[in-house]
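Have a look at the structure below, then the notes.
The values are calculated or read from the model by the stated rules, or taken from the named source; none is laboratory data. Remember, predicted model here, so these are calculated numbers, not experimental data. A quick note on method: Cβ atoms are made from the backbone with ideal geometry, for glycine too, and the neighbour counts reach across all protein chains shown.
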Amino acid sequence: MKRAWRWVLLGLVGLLVLGGCGRMRTPAAAPVATLAAGMGTQDFGALDSVIEQALAEHGWRGAGILIMQGDTVLHEQYFGAYSAATVIPIASGSKWLAAATIMTLVDAGKLQLDDPVSMYLPEFSGQPGQMTLRQLLSHTSGMVGKDGVNLPPEQACLGDRRTTLAACVEQLRQVPLEAAPGTQFDYSGAGFQVAGRMAEVSAGQSWADIFEQRMAAPLGMTSTTFGRGDNPRIAGGVSTSMHDYAQFLRMLLHSGTLDGQQVLAPASVAEMERDQTNGVPIFYSPQTKYGGPELRYGLGVWRTRVDSVGNALEVSSPGAFGFTPWIDREHNLLGILMVVDQGPRVYPVAEQLKQLTRTLVEQ
């Protein structure tokens, strides 16, 4: 498949000496982009130093960093065993992709955000049947969550590739709600699984086909998959490469359009980044669990920085394995930290990289 943009090789092969052991830094492959005058002149070596320190401290097998402003590559570098071709699991980085894929069905009129689950899955009745697509994608549906942390036996199907999405959702239906729909925030992989099944029923297609036709193919994401089998983990099953996910972020940065092709309506991109939690109490959040601030959520994405009136300045969807993508609306930036480790060890590194990037761009 023809990629939407081409990548060229730059950088020199260097030797990093970390803790007395040599590490080979792979050459950085950068996307071809129209370089604005004066761009690329900032010294982004400070970002590399942060990652090199983390490599030494945590023993990462490798890492990658990509920073773009608009379509201009400001910095791209790989470390250790990683290269532009490396594909890794991204855990909850999947939620951003999944929500955007479902929003293409909203754009097409096949779904509405305030449609109740029972409209597509009539076996859901009572309060569970009243859960809306919006609530499922914003973790306010009332479903038991934790997204893989201490899942009850009834939710073990979230990682079971031997079953189907329909069968898994039927299993989830039998788990009592933790709260009435729309009354609390509970970070939930289960809710996304139900939303994915609603998408399948409304489109008359499998999740794999929906994602391929509506997101992967238009964006040239040839290395991205929700995994094998008929029970994709909608909230956390994606494996992808740096360049593939960058295509997705570029599309969002340009309000739903990439290289002249509209994938999402601008209003849908804006809706994803709007606060969808309506001020409800936060029952469980991985952000606060690991000592972070009490953040609010859009559709598939965290609102990591907001202005004085609540507009999102930065949105992000970090995964439990450390993969951290973000869009900085204030500076027209996108960034990706690519790594596989325990999320709590990576999150402080990602925040430091974000702050350094903002400082460099503002200079």
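Let's see how each residue does on (1) more than 28 Å from Ser255 (Cβ to Cβ); (2) surrounded by 22 or more Cβ atoms within 10 Å (Cβ to Cβ); (3) under 23 Å from the mean Cα position of the chain (by Cα):
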position: Asp71; (1), (2), (3): no, no, yes
position: Leu74; (1), (2), (3): no, yes, yes
position: Ser83; (1), (2), (3): yes, no, yes
position: Ala98; (1), (2), (3): no, yes, yes
- request: Please determine, by comparing only the residues of the stretch 278-307 that are of a type in the set (Ser, Thr, Tyr) and at pLDDT 95 or above, which one is farthest from Thr101 (Cα to Cα).
  value: Thr304
task: With the condition kept exactly as written, say whether any residue in the stretch 67-79 is in a loop (DSSP other than H, G, I, E, B) and of a type in the set (Asp, Glu).
output: yes
Test result for Thr277, buried (at least 17 other Cβ atoms within 10 Å of the Cβ), of a type in the set (S, T, N, Q) and in contact (Cβ under 8 Å) with a residue 60 or more places away in the chain: yes
query: With respect to Thr324, is the statement that it is within 26 Å of Gly45 (Cβ to Cβ), under 15 Å from the mean Cα position of the chain (by Cα) and in contact (Cβ under 8 Å) with a residue 24 or more places away in the chain true?
result: yes
query: Quick one: what pairs do we get from the stretch 117-130, first residue closer than 12 Å to Ala195 by Cα, second among the β-branched types (Val, Ile, Thr), C-beta under 8 Å, 6+ apart or different chains?
result: Val117/Thr132; Val117/Val194; Tyr120/Val201; Leu121/Val169; Leu121/Val194; Leu121/Val201
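Within the stretch 211-264, track down each residue that is farther than 25 Å from Leu158 by Cα, assigned to a loop (DSSP other than H, G, I, E, B) and not polar (S, T, N, Q). Break it down into steps so the answer makes sense when it comes.
Taking the stretch 211-264 as the starting set, the residues that turn out to be farther than 25 Å from Leu158 by Cα are 217-220, 242-243, 246-247, 249-264.
Now drop any that are not assigned to a loop (DSSP other than H, G, I, E, B), which leaves 220, 254-256, 259-260, 263-264.
Within the stretch 211-264, Gly220, His254, Gly256, Asp259, Gly260, Val263, Leu264 meet the criteria.
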- line: Scanning the stretch 248-274 residue by residue, those in contact (Cβ under 8 Å) with a residue 40 or more places away in the chain and farther than 22 Å from Glu330 by Cβ turn out to be Asp259, Gln261, Val263, Ala265
message: Please go through (1) over 17 Å from Ser141 (Cβ atoms); (2) out of contact with any Gly (no Cβ under 8 Å at 6 or more places or on another chain); (3) touching a residue at least 24 places away in the same chain (Cβ under 8 Å) for Gly204 and return the number of the only condition it doesn't satisfy.
response: (3)
